[in-house]
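Enquirer: Sharing a structure with you now.
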Amino acid sequence: MGKVKIKDIECDAQDMEGIFQSNKLDMSTYLGVPKASKTIPSFWIWIIVPLFIALTSCIWIGIFDPIWTKISIIGVFTLYCSILAIIHYNFKNWSLTAIVAFGGLTLILLSLNVYTPQELAKKIETNTVNKYSK
C-alpha cells in the first residue's frame, strides 16, 4: 500500500487506522473538523407545512363544528411547533427560526380570527415604521 500523510503523521493506511483506533482518537477531532450533525429529512418540511396551511385555512373558513375546531387548533399548534423544531434543528439559525415563527404565528392569529388580514397588515406596518423611523 501507499503512504498516507495526515498533518504530521506519515505511514501506511493500515498503520494510520491502527494508530487512531489504539489511541481511541477520531480523525475529525485530530483534524479539528466539527463532526457533521444529523438532520431531519427535508421531506418532513414538505409534508408538515402544507398540512399546517391547510388546517389553518380550514379553521379560518369555519369548516369544522366546535369540537373538531378545538381538536384542529391543537393540531395546528402541534404542527407549528414541529415546523419550528425541524427548521431550528436542521439549520441552527436563530434568524431563520424567528422568521418562520413570525410567519406561522401570523397564520395562526388569522385563522383564529384574532385579527383580520387588514388589521394584521396595519399592525405590522405601524410596528415596522415605529421601529425603523428612529
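Enquirer: Condition first: without any contact (Cβ under 8 Å) to a residue 60 or more places away in the chain, under 23 Å from Pro41 (Cβ atoms) and not small (Gly, Ala, Ser). Can you find one or more residues in region 107-121 that meet it? Walk me through it before giving the result.
Expert: Step one: list which residues in region 107-121 are without any contact (Cβ under 8 Å) to a residue 60 or more places away in the chain, which gives 107-121.
This time we only want the ones that are under 23 Å from Pro41 (Cβ atoms), so: none.
So far as region 107-121 goes, no, none of its residues is without any contact (Cβ under 8 Å) to a residue 60 or more places away in the chain, under 23 Å from Pro41 (Cβ atoms) and not small (Gly, Ala, Ser).
Enquirer: Using beta carbons and a limit of 7 Å, which pairs, at least six apart or on different chains, have the first residue in region 67-79 and closer than 19 Å to Pro50 by Cβ and the second one outside any helix (DSSP H, G or I)?
Expert: Close Cβ pairs (under 7 Å, with a partner that is outside any helix (DSSP H, G or I)) amount to Ser72/Phe64.
Enquirer: Sticking with this one: For a quick check of your reading: which helices (runs of 4 or more DSSP H) sit entirely within region 1-115 and have at least 1 residues that are loosely packed, with under 13 Cβ neighbours inside 10 Å and in the same structural domain as Glu125 (by TED's automatic domain parsing)?
Expert: 43-61, 66-91, 94-111
Enquirer: Considering only residues of region 103-112 that are of a type outside the set (Ser, Thr, Tyr) and touching a helix residue (DSSP H, G or I) at 6+ places or on another chain (Cβ under 9 Å), which is nearest to Ile63 (Cα to Cα)?
Expert: Restricting to residues being of a type outside the set (Ser, Thr, Tyr) and touching a helix residue (DSSP H, G or I) at 6+ places or on another chain (Cβ under 9 Å), the top hit is Leu112.
Enquirer: Out of (1) aliphatic (A, V, I, L, M); (2) more than 30 Å from Ile124 (Cα to Cα); (3) without any contact (Cβ under 8 Å) to a residue 24 or more places away in the chain, what's the single condition that is false for Leu31?
Expert: Every listed condition holds for Leu31 apart from (3).
The values are calculated or read from the model by the stated rules, or taken from the named source; none is laboratory data. Keep in mind the model is a prediction, meaning the values are calculated, not measured. Note: ideal-geometry Cβ built from the backbone for every residue, glycine included; neighbour counts use all protein chains shown.
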